[in-house]
Structures are given as C-alpha cells and as structure tokens.
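Chemist: Please find one structure pasted underneath; my questions will follow.
Taken together, the values in this text are just the output of simple stated rules run on the coordinates, not laboratory data. Since this is a predicted model, take the numbers as computed values, not measurements. Don't worry about glycine lacking a Cβ; one is built from the backbone with ideal geometry, like all the others, and counts go over all protein chains shown.
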C-alpha cells in the first residue's frame, strides 16, 4: 500500500517534469491532482474513513468537500514545487510570506538548536525551501521515496539552497550533533509509526502511534521546539510560513512519561491546525494504521 500510495501522488508530479522549462499554472497542477482523486478509489476510501473517524460531527458531504479540498491543496503545492529552480530571495515573496518570524529568531538566538515541528500540511515542501532561500538552511528528516526517480529529483530540489536531508531511519545521532551546534532540524511528525520509534497519543481523540524522537531530542538537549506550518491564505492568494512561539516542555523527571506527554502536546498542535484548515492536511494517509495491542484494525 505504501508504494502504491506514493506512486499515486507521484504520478502527476512525474508527468509535469516535461513542463519544467515553462511555467506550470496552479490551475493545471490542480487539474492533475484532481485526476488522481478521480482515478484512485483507494485513496478516496482512506480519506473518507479518516474524516469519518476524526470528524464524526460533520456530514459525509462535508467530508467529501474537505477531501476534494485536500487534492486542490496538493495540486497547488505541486505547481510551486515545479517552480523551485526559478525562485530567488527577491521573487519568492510572491508565493510565500513570513508570519511570526520573530518567534523563530528568538528561538534560534538561544544557541541550543531549533526543532522545527511541522506536518504534511498546506505547502509543507515550501517551508524548508523558502526558509533556506532566505539564508536559514536546516536539516530535514525524510524517508526516501520508493520511486527512485522522484526521490532523486525531490532531494535535489530540497537541497538547492543549503538544506541537507537526514534519513528517517538513522537520525538520532545527527540530530544530537545538530542541536549541539545550534542548528535547525525540521521534522514532519504526523505519519503512522510503529513501536518502539512511536508512542501512542491521541490524535482527534483516537490513539495514534506517533514519532517520539522530537520529544526525546528536545528533552535531552533543551533545544527550542518551534511549530511551523505553511498555510495557504485564500485572501492573500499566497502561503504564510507561520512560526508559533516555542513550546513549553513538560519536565517531571520521569523521562518516559515526559516523552509521551510532550509528544501529545506536539500532536495536539498539529491537530489544532488541521481543525482550523481541514482541507490542507493529508487525509489519504493511513494515520491510525498501527493499533495498541489487542485493538482491531481501523482500515
């Protein structure tokens, strides 16, 4: 399923590669994304199942509207990613503007490193790219894509302006070194995990196995955890790269409990953004696939 999922989302991206020498409009990219929506019933089923579990108070028609909005969001991001080679510090403001940059500045000034907490939300691929374009490069924790061609391309795009990628499978040592050096690391922590890399915390009131690495590193190094989300603003007709104030970590002296508690805090931050902008999150991911022992599967 993971490979089919990636190919489904990668397909329109690969198809647009031939268009890179000339601008790809948002309308064209959104049309490609909608083709994926229409052709892949499995993705629609997963998205509708997730919405039914997370937002049971909404009608099925509302769930369908949100899911269609997600694919519009994916297409919009696709259009911008295809333009990465053309963006400069001078012209990228037409696409992404900062919001709350002072929160990032204060966190970075502490000199203990910054952990950039984000998710597969809005224009997530734009966040680290634009930040590096303004001279603030970071390490980005990623999982290599099954599609080798797409993986090679996206890795090149992500590192165009100084960012480096760190494999999700072996990142703890690299993160510790980065924090000691006062550097910045970006982590998307809204995907399904399995123990022991993940711990169960509530996401929309449902236990979800969630990456605990961010909490472990933050508690160990005293790095600042700064939530950052790239939100599509329909009024501005561009994205806002929003930085919130650093999260106040809970420290009781019980390391394992503190890891779970802080992971829950981080997850609630993501949930709050998704609730505010439900059509900008990746509902087609099987977020609740891993279940606590003894619980039946949800998909």
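Chemist: Shape call for the range 169-299 from the C-alpha gyration tensor, a ≥ b ≥ c root eigenvalues: rounded (a/c under 1.5), prolate (a/b greater than b/c) or oblate?
Modeler: Oblate shape, in that a/c is at least 1.5 and b/c is the bigger or equal ratio.
Chemist: Any idea what the relative contact order of the chain is, in percent, if you count C-alpha pairs under 8 Å spaced at least 6 apart?
Modeler: Worked out over the chain, it gives 23 percent.
Chemist: Normalized C-alpha radius of gyration of the range 183-231, against 2.2 N^0.38 Å?
Modeler: Against the compact-globule rule of thumb, the ratio is 1.23.
Chemist: What FRET efficiency would be calculated for the residue pair residue 52, residue 149, taking the C-beta separation as r and a Förster radius of 35 Å, to the nearest 0.05?
Modeler: 0.50
Chemist: Work out how much length residue 176 to residue 276 would gain on full extension: take 0.36 nm times their residue separation and subtract the Cα-Cα distance, in nm to one decimal.
Modeler: 32.7 nm is the gain from fully extending residue 176 to residue 276.
Chemist: Please state, to two decimals, what the Cα-based radius of gyration of the range 2-280 comes to when divided by 2.2 N^0.38 Å (N = residues).
Modeler: Its radius of gyration relative to the 2.2 N^0.38 Å reference: 0.98.
Chemist: For the range 2-280, what proportion of DSSP beta bridges, expressed in % and rounded to the nearest 5, is antiparallel?
Modeler: 40
Chemist: When the chain is treated as a GNM, springs tying every alpha-carbon pair under 10 Å, which of 224, 79, 28 comes out with the largest mean-square fluctuation?
Modeler: Highest fluctuation of the listed residues: 28.
Chemist: A further question follows. Round to a whole angstrom and tell me the spacing of the C-alpha centers of the range 225-299 and the range 107-179.
Modeler: 17
Chemist: I would also like to ask the following. Could you list log10 I(q)/I(0) for the range 64-122 at q = 0.25 Å⁻¹, which the Debye formula gives when each Cα is one point scatterer?
Modeler: Treating every Cα as an identical point scatterer, log10 I(q)/I(0) equals -1.07.
Chemist: Subtract the Cα-Cα distance of residue 256 and residue 291 from 0.36 nm times their separation in residues, and report this length gain in nm to one decimal.
Modeler: 10.6 nm
Chemist: Expected output is a single nm value to one decimal: the length gained when fully extending between residue 59 and residue 268, i.e. 0.36 nm times separation in residues minus the C-alpha distance. What is it?
Modeler: Net length gain for the segment: 72.9 nm.
Chemist: Going by how many other Cβ atoms sit within 10 Å of their own, how do 281, 34, 288 line up, fewest first?
Modeler: Ordered by Cβ neighbours within 10 Å, fewest first: 34, 288, 281.
Chemist: Another one. How big is D for the range 24-169, in µm² s⁻¹ as a whole number, if Stokes-Einstein is applied with the Kirkwood radius of its Cα pairs at 25 °C and 0.890 mPa s?
Modeler: Using the Kirkwood radius from Cα pairs, D works out to 141 µm²/s.
Chemist: Can you show me the helix-derived [θ] at 222 nm for the chain, built from DSSP H runs with n ≥ 4 at -39,500 (n - 2.57) apiece and divided by the number of residues, rounded to the nearest 500.
Modeler: Computed mean residue ellipticity for the chain: -14500 deg cm²/dmol.
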